[in-house]
Amino acid sequence: MLQQILRAPALKAILIQVLAFPLMLLLVYGLARAGVAMSLSVVALLQGVLAALITWRAGLARWWCAIGLLFAPALLAASLLHWPPVVFLAAFVFLLSLYWSTFRTQVPFYPSGPKVWRAVAELIADRPGVRLVDIGSGLGGLVLDLARRRPDGQFSGIELAPLPWLASRLRARLSGSRARFLRGDYEALDFSRYDAVFAYLSPAAMAALWRKAEKEMLPGSMLLSYEFQIAAREPDKTIAATEGGPLLYIWCF
């Protein structure tokens, strides 16, 4: 457990901010000696740029670069605005309910889009009564779309974060959809119950996903991954679901 925490990108991002701070002070000191005066906002931005560069060099995912860049300026802006503590508490609760276990799973909130949904619908078009699950289903867009297109199929989504899961459940109920949404970790699912498994996760999660799929998925089933590949095996098929965007990878069992 301790090793998993030490490898977590969130901890690395905090340590990067700590590392960037003395570098920023040295740079500010050098510029001050050269007669360059800087405001607090420029200093905060400089801290963010240094943190983003270190994050990029450390090989963390691109969203951590954005977080590293904006962290110090956001703290400064919040202090200057004199927001009451309840605002920070509300923001924390909202982000916690949205991203929930990203610290552990290393899978942030990744929404797909209608073009990807259409590509998936075409892949399962010749499968009557198809059973598909979207692991990390977010707001439920893919599952709801497929359930609308294919009344004969069984479409489910599983999501760990409370807010997206609740939103998808409400969307299904309000639209009268037959789509099912579960709250939990996809590790608890039995992939042998599905003809197709769709994933839009992150590079950090792909190795574990493949081990589970290889162990549980039955002959004739498909594993679909949007944007992220599996290092252990080349995909059997690749589809450009969006022009100039990420690819959709398919592994057949």
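Summary of values
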read-out	value
Subset of the range 216-229 (residues that are under 20 Å from the mean Cα position of the chain (by Cα) and open to solvent by 10 Å² or more (accessible area, probe 1.4 Å))	Y226, E227, F228, Q229
Residues (closer than 13 Å to G141 by Cβ, outside any loop (DSSP other than H, G, I, E, B) and open to solvent by less than 50 Å² (accessible area, probe 1.4 Å)) located in the range 163-215	P164, A167, S168, A172, F181, F198
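Each row is one residue, and each column tells you yes or no for (1) β-branched (V, I, T); (2) closer than 19 Å to R193 by Cα; (3) modelled with pLDDT of 95 or more.
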site: A125; (1), (2), (3): no, yes, yes
site: R131; (1), (2), (3): no, yes, yes
site: G138; (1), (2), (3): no, no, no
site: V143; (1), (2), (3): yes, yes, yes
site: L146; (1), (2), (3): no, yes, yes
site: R149; (1), (2), (3): no, no, yes
site: G153; (1), (2), (3): no, yes, yes
site: L160; (1), (2), (3): no, no, no
site: P164; (1), (2), (3): no, no, no
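The values are calculated or read from the model by the stated rules, or taken from the named source; none is laboratory data. Just so you know, these numbers come straight off a predicted model, no measurement behind them. Glycine gets a Cβ as well: all are built from the backbone with ideal geometry, and neighbour counts include every protein chain shown. Just the protein is used for accessible areas: all its heavy atoms, side chains included, with ligands, DNA and RNA removed. Shrake-Rupley method; radii C 1.70, N 1.55, O 1.52, S 1.80 Å.
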